[in-house]
Amino acid sequence: MSVLTNTDLRRILCYDENQWHEKPLLIEDGLDDCITPMGYDLRVGGFYKRLIGKPNLDTLDEGKSIEIKPGDIALISTYEKLKMPKDASISALILSRVSQVSRGLSNISTKVDPGWGEGELLIPVQNFSKDVITLKYKEKFCTIVFFNNESPASPAYKPSSSRANFFKLLSQTNRASLVKDFQLGLVSILIIGIAVTMGYSYFGNSPGFGVTVTAGIAIERLASVIASRLIGRR
């Protein structure tokens with residue numbers, strides 16, 4: 001097994017699917033500027049999912065960014081769409097970029113199987129720092145390193161329902177998160193509603209009404225924190 005250098009990549013790499021029959025490795029929407037001496041720097045793509053702070057699937061486009069809180073893990077799609085050689089002669093690993101590691105951001109070990117041809121990659125990264133780390137749309141955030149296999153993989157990667165099931169799971173997580181947010185909203189409305197009703201019933205328009213409502217808001221905030229932990233929202 002040998003590492004492919006920038007010289008090797010330029011020889012076999014194309015950015016347009018119409019050229020894939022001429023050059024075996026396709027990185028759609030790629031740039032020469034992203035080629036490194038021994039790999040290619042992948043960029044932040046159009047969707048991501050934070051696994052702790054906000055477990056929803058969110059989208060990105062021009063001018064937007066991801067904020068990853070300390071200790072949080074984010075699953076980020078690549079802007080580039082990757083298709084490996086059909087003959088299963090090349091495999092790849094995803095490595096952290098030194099510039100991102102210096103900020104406290106590191107990817108979790110990821111591989112790309114020979115024969116992969118399903119487009120965007122999903123890269124898990126974790127913030128090991130004590131600060132919020134921001135990644136901009138199309139920012140370089142990890143490096144893919146390609147290897148020539150000593151012999152073709154058998155069997156090579158075959159498209160399956162796993163990717164579809166994964167996105168279905170993300171969608172279900174979104175719906176579950178919306179339900180939890182709705183539940184928290186009901187708790188807040190209920191507590192404040194009770195405070196307003198009791199305050200007006202006992203004190204009318206006197207200062208006691210304002211005091212009761214203020215106390216209700218304080219209780220609502222405390223109850224929301226407790227409820228969010230009980231139902232798994234942070």
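Observations
- Of residues in segment 118-137 being under 25 Å from Ile90 (Cβ atoms) and of a type in the set (D, E, K, R), the one nearest to the chain's Cα centre (by Cα): Glu120
- First in segment 1-20 and over 21 Å from Gly119 (Cα atoms) and in contact (Cβ under 8 Å) with a residue 12 or more places away in the chain, second anywhere and open to solvent by less than 60 Å² (accessible area, probe 1.4 Å) and hydroxyl-bearing (Ser, Thr, Tyr), Cβ under 6 Å, 6 or more apart: none
- For segment 108-117, taking the residues that are among the hydrophobic types (A, V, I, L, M, F, W, C) and surrounded by fewer than 20 Cβ atoms within 10 Å (Cβ to Cβ), the one that is nearest to the chain's Cα centre (by Cα) is identified as Ile108.
- Taken over segment 81-119, the criterion of being among the β-branched types (Val, Ile, Thr) and modelled with pLDDT under 90 is satisfied by Ile108, Thr110.
- When residues of segment 28-37 are limited to those that are of a type in the set (A, V, I, L, M, F, W, C) and within 17 Å of Leu95 (Cα to Cα), the one most open to solvent (accessible area, probe 1.4 Å): Ile35
- Contact map, segment 201-214: residues that are over 17 Å from Ile191 (Cβ atoms) paired with residues that are open to solvent by 40 Å² or more (accessible area, probe 1.4 Å) and at pLDDT 70 or above, Cβ distance under 9 Å, separation 6+ or inter-chain. Pairs shown: Gly208/Tyr202.
- Number of the exception - Lys138 against (1) in a strand (DSSP E or B); (2) surrounded by fewer than 18 Cβ atoms within 10 Å (Cβ to Cβ): (1)
- Checking every residue in segment 73-81 against the condition of being of a type in the set (Phe, Trp, Tyr) and surrounded by 21 or more Cβ atoms within 10 Å (Cβ to Cβ) gives at least one match.
The values are calculated or read from the model by the stated rules, or taken from the named source; none is laboratory data. Every value quoted in this text rests on a predicted model; they were computed, and no experiment measured them. Cβ coordinates were reconstructed from backbone atoms using ideal geometry, including for glycine residues, and neighbour counts include every protein chain displayed. In case anyone asks, the SASA skips ligands and DNA or RNA and just uses the protein heavy atoms, side chains included. Shrake-Rupley method; radii C 1.70, N 1.55, O 1.52, S 1.80 Å.
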